[in-house]
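One structure below.
The values are calculated or read from the model by the stated rules, or taken from the named source; none is laboratory data. Because the structure is predicted, anything quoted here is derived from the model rather than measured. Note that we place each Cβ from the backbone using ideal geometry, even for glycine, and neighbour counts take in every protein chain shown. Surface areas here come from the heavy atoms of the whole protein model, side chains and all, with no ligands, DNA or RNA. Shrake-Rupley method; radii C 1.70, N 1.55, O 1.52, S 1.80 Å.
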Amino acid sequence: MPEQNPNPNETVSGVLEKLDTALQRGDAKTAAELFEPDGFWRDLVTFTWNIKTMEGRQQIADMLSAQLAAIKPSSWRIAEGEQASEADGLAQSWITFETATARGNGFIRIRNGQIWTLLTAMSELKSHEEPKGFQRPMGALHGAHPDRKTWKEQREAELTELGRSRQPYCVIVGGGQGGIALGARLRQLGVPAIIVDRHARPGDNWRNRYKSLCLHDPVWYDHLPYLPFPDNWPVFSPKDKIGDWLEMYTKVMELNYWGSTTCKSATYDEGTSEWTVVVEHDGEQIVLRPKQLVLATGMSGKPNTPSFKGMDVFEGEQHHSSQHPGPDGYAGKKVVVIGANNSAHDICAALWEAGVDVTMVQRSSTHIVKSDSLMEHALGALYSERAVASGMTTWKADMTFASVPYKILHEFQIPVYEKIRQLDANLYDRLEKRGFMLDFGDDGSGLFMKYLRRGSGYYIDVGASELVADGKIKLKSGVDVKELKAHSVVLSDGTELEADVVVYATGYGSMNGWAADLISRKVADKVGKVWGLGSNTRKDPGPWEGEERNMWKPTQQTALWFHGGNLHQSRHYSQYLSLQLKARYEGLPTPVFGLQEVHHLS
């Protein structure tokens, strides 16, 4: 009789048992040989106290040799309530395990009896778990107690004392979704933290953007930790609705949020292992002395405003897209928008709807993907109502996406965008006939890889592409700006565009630019470029990094961290950053493996 394939539970359990045995023996070589020669181990904090992907047996063995004595992993098994699955020779399963200080979970893929990919992620620190479930706070203090203080009195005292008579352990600079999500995680872990932001109210960073702005990512992708959006929340959130949600979230999650606060400077004292952070809060200068400093100023935090000849002689209005107020007040004027990515398209569409004569200047190619196509073919299996109905949770969706190493992620993405290119060929043909320069990324891998590699160069089409294809939004492509004159923009091909208003939709700089402004250029250069994978594609120079540069993990500057990204990343990676900070707050050993090297300064 032909030999039967083993049950996938047996396959996974057998490999996990071998892995457990080798790791508990401290045998890094044998453990590494359980992987395919080019297999992957992606670790979110549990083994490396870092966010690190080991590629191939040698890197895996090197990591284990360095870390096993301190980490002491054990108890590898299929996660409770889960069953392994098998298809096309690939067995896979959700897993759990423990280390000396933490509990972890993850996902494993096995081919031909060897591990192809392994994801390990820290879920909680032993003896420092979040107070939830059976450990949730009582809220009320039963019995008779002299000098009883109510919850409100305790909360008011905390707001008064923290940052003045009592110092926070962590200061988070930036109160957008990233800073707020991290603040919520730290709050649940009992880490004293203050979020500082120049805006008056949480959510103002969204409210103050151009009035037509809506999220281009769907609601299932955008939940914050602990409090998911209601079931009737719109698929695409208007900016003011998001602003209100962030303000509500900040209040009910009891975050220490200092609005109307400008961070003036920060310096680190190696001797005391302490930051001195000078802020101006409601007109008062205050010195904070945290042990940890997080820059959560975001991917879209530092505007990249170009310097063109003649900007000083232009007599009309000019501003970066981050300061664009919307179309009101521009009726009857001629507006030139420099740029052709998300903000440029949104702004041009809103201006056209208001009857404004608007021209888009496209200097380099743009990846366009229709929102409906993106949702159906790229996001639908993980983040959609269809996914929810099939039993997909936000946690499982995040972990599934995280389980695919960046080195091979493009291989999964290329077929998706090839299909989209075929399905939406009519739109792409019409855009190209108008002269619009299209791309699908350097290797055809589309939106997600472009975002992960460079954070720019794309537009999720919610209608503006039709206006470009129809010629309603005027287009000049394949040109650059030569100079501005008093009432016009002169392009590199000699074209002169009459202009009353120029909008620079020219993107944002590396997040370490904030470090240069707040701390020093020396520290910014010490940390190096923030964001990008080292894919050696346009705007993402090599060498290969394997993870986002300097994000959510230790940097070359002690006690300086970067946090940001879209709502999905702010939710998912805030967990791992908060656990790293909590461990240091509690004085636990955190031996970092594979500290970020610096290859580029910005």
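Values computed for the structure shown
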{"item": "Filter result for the condition that a residue is open to solvent by less than 30 Å² (accessible area, probe 1.4 Å) and in contact with a helix residue (DSSP H, G or I) (Cβ under 7 Å, 6 or more places away or on another chain), over 227, 182", "result": "182"}
{"item": "Sole exception among (1) charged (D, E, K, R); (2) touching a helix residue (DSSP H, G or I) at 6+ places or on another chain (Cβ under 9 Å); (3) open to solvent by 10 Å² or more (accessible area, probe 1.4 Å) for residue 584, by number", "result": "(2)"}
{"item": "Every pair of residues 6+ apart whose Cβ atoms lie under 8 Å, when the first sits in the stretch 303-323 and is part of a loop (DSSP other than H, G, I, E, B) and modelled with pLDDT of 95 or more while the second is buried (at least 18 other Cβ atoms within 10 Å of the Cβ) and polar (S, T, N, Q)", "result": "311/318"}
{"item": "Condition met for residue 550 (under 14 Å from residue 296 (Cβ atoms) and open to solvent by 10 Å² or more (accessible area, probe 1.4 Å))", "result": "no"}
{"item": "Inter-residue pairs, beta-carbon under 6 Å, first closer than 23 Å to residue 152 by Cβ and in the stretch 232-259, second of a type in the set (Val, Ile, Thr) and in a helix (DSSP H, G or I), 6+ apart", "result": "246/180; 250/180; 257/250"}
{"item": "Residue in the stretch 119-135 that is surrounded by fewer than 21 Cβ atoms within 10 Å (Cβ to Cβ), among the aromatic types (Phe, Trp, Tyr) and more than 20 Å from residue 67 (Cα to Cα) present", "result": "yes"}
{"item": "Hits in the stretch 162-211 (condition: among the polar types (S, T, N, Q) and in contact with a strand residue (DSSP E or B) (Cβ under 9 Å, 6 or more places away or on another chain))", "result": "167"}
{"item": "The listed residue being open to solvent by less than 40 Å² (accessible area, probe 1.4 Å) and in a loop (DSSP other than H, G, I, E, B), out of 436, 448", "result": "436"}
{"item": "The stretch 268-279 residues that are more than 12 Å from residue 559 (Cα to Cα), paired with ones that are open to solvent by 50 Å² or more (accessible area, probe 1.4 Å) and hydrophobic (A, V, I, L, M, F, W, C) (beta carbon under 6 Å, 6 or more apart)", "result": "278/287"}
{"item": "Those residues of the stretch 495-540 which are open to solvent by 40 Å² or more (accessible area, probe 1.4 Å) and among the basic types (Lys, Arg), in sequence order", "result": "521, 522, 526, 538, 539"}
{"item": "Unmet requirement for residue 23, which otherwise passes all of (1) in contact with a Pro (Cβ under 7 Å, 6 or more places away or on another chain); (2) without any contact (Cβ under 8 Å) to a residue 24 or more places away in the chain; (3) farther than 20 Å from residue 545 by Cβ", "result": "(2)"}
{"item": "Qualifying positions in the stretch 188-216 - open to solvent by 40 Å² or more (accessible area, probe 1.4 Å) and charged (D, E, K, R)", "result": "198, 201, 209, 211"}
{"item": "Single condition residue 309 does not satisfy, out of (1) buried (at least 16 other Cβ atoms within 10 Å of the Cβ); (2) outside the structural domain of residue 483 (by the TED database)", "result": "(1)"}
{"item": "Of all residues in the stretch 126-175 being among the small types (Gly, Ala, Ser) and part of a helix (DSSP H, G or I), the one that is nearest to the chain's Cα centre (by Cα)", "result": "133"}
{"item": "Residue under evaluation residue 233, criteria (1) open to solvent by 50 Å² or more (accessible area, probe 1.4 Å); (2) part of a loop (DSSP other than H, G, I, E, B); (3) more than 22 Å from residue 166 (Cβ to Cβ), criterion not met", "result": "(1)"}
{"item": "Candidate set from the stretch 248-262 (those that are assigned to a loop (DSSP other than H, G, I, E, B) and open to solvent by 30 Å² or more (accessible area, probe 1.4 Å)); member that is farthest from residue 556 (Cα to Cα)", "result": "254"}
{"item": "Where residue 454 falls short, out of the listed (1) without any contact (Cβ under 8 Å) to a residue 60 or more places away in the chain; (2) under 23 Å from residue 214 (Cα atoms)", "result": "(1)"}
{"item": "Residue under evaluation residue 443, criteria (1) open to solvent by 40 Å² or more (accessible area, probe 1.4 Å); (2) in a helix (DSSP H, G or I); (3) touching a residue at least 24 places away in the same chain (Cβ under 8 Å), criterion not met", "result": "(2)"}
{"item": "Condition check for residue 53: among the β-branched types (Val, Ile, Thr), in contact (Cβ under 8 Å) with a residue 60 or more places away in the chain and out of contact with any Leu (no Cβ under 8 Å at 6 or more places or on another chain)", "result": "yes"}
{"item": "Single residue of the stretch 263-304 satisfying the filter (farther than 25 Å from residue 224 by Cα and hydroxyl-bearing (Ser, Thr, Tyr)) that is surrounded by the most Cβ atoms within 10 Å (Cβ to Cβ)", "result": "268"}
{"item": "Pick from the stretch 525-550, criterion farther than 16 Å from residue 508 by Cα and among the hydrophobic types (A, V, I, L, M, F, W, C), ranking: nearest to the chain's Cα centre (by Cα)", "result": "533"}
{"item": "Matching residues in the stretch 467-494 - criterion: being basic (Lys, Arg) and open to solvent by less than 60 Å² (accessible area, probe 1.4 Å)", "result": "476"}
